[in-house]
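Asker: My questions all concern the structure below.
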Amino acid sequence: MGVSASGKSTLGRALAQSLGWEFVEGDDYHPPDNIEKMRGGVALDDSDRQPWLESMNDYLLLLDRLERHAVIACSALKQSHRDTLDRGVRAVRYVYLCGDPDLLRRRIVDRKGHFMPPDLLDSQLAVMEPPQDAVWVAMDLPLQDQVDFVSRVLERE
């Protein structure tokens, strides 16, 4: 979890591969209206996010029933978002990618082909409620160091 350009998808894919788990890209669950809204430079509000979060929760519940593990890349900016995501799921562990807002800005400006424009970063930073119970990972660490750190924490649990 984390704001746009923090490295959620990159770490998520690498971590899922390392653990032998499924990777789920949260952006794939956005309704088309949400994507168009963001592409147009309009920040999502909680009423926009709710159906998106509920659809991901539905999938997590299915995985839970099937006793399968997954890594999901999702902003999960607020505690209420995380409550919706993990509602009814037996075991969820959040990994929070955090770091310097200037690095986030450089990353979001440099990335190509994503619907999230740089202008919306400030809106995400403004609503971010850092989780108290997550594994905090510095987004500027090398990817393999991030994977190794999260893997070690998960092994201890």
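Asker: Looking only at the range 20-51, count how many residues are within 13 Å of residue 72 (Cα to Cα) and of a type outside the set (Val, Ile, Thr).
Answerer: Residues flagged as within 13 Å of residue 72 (Cα to Cα) and of a type outside the set (Val, Ile, Thr) within the range 20-51 amount to 8.
Asker: Also: Name the single residue that is farthest from the chain's Cα centre (by Cα) among those in the range 1-33 being more than 24 Å from residue 48 (Cα to Cα) and among the aliphatic types (A, V, I, L, M).
Answerer: In this case the residue turns out to be 19.
Asker: Would you check if residue 77 is touching a residue at least 40 places away in the same chain (Cβ under 8 Å), touching a helix residue (DSSP H, G or I) at 6+ places or on another chain (Cβ under 6 Å) and not in a helix (DSSP H, G or I)?
Answerer: yes
Asker: Looking at residue 91, is it closer than 22 Å to residue 155 by Cβ and in contact (Cβ under 8 Å) with a residue 60 or more places away in the chain?
Answerer: Criteria not met by residue 91.
Asker: In addition: Write out, first by first residue and then by second, each pair whose Cβ atoms fall under 7 Å of each other, whose residues are 6+ apart or on separate chains, and whose first residue, in the range 33-53, is open to solvent by 60 Å² or more (accessible area, probe 1.4 Å) while the second is in a loop (DSSP other than H, G, I, E, B) and modelled with pLDDT of 85 or more.
Answerer: Matching pairs, first to second residue: 51/31.
The values are calculated or read from the model by the stated rules, or taken from the named source; none is laboratory data. Since the model is a prediction, treat every value here as computed from it, not as a measurement. For neighbour counting, all protein chains shown are included, and Cβ atoms are generated from backbone atoms with ideal geometry for every residue, glycine included. Surface areas here come from the heavy atoms of the whole protein model, side chains and all, with no ligands, DNA or RNA. Shrake-Rupley method; radii C 1.70, N 1.55, O 1.52, S 1.80 Å.
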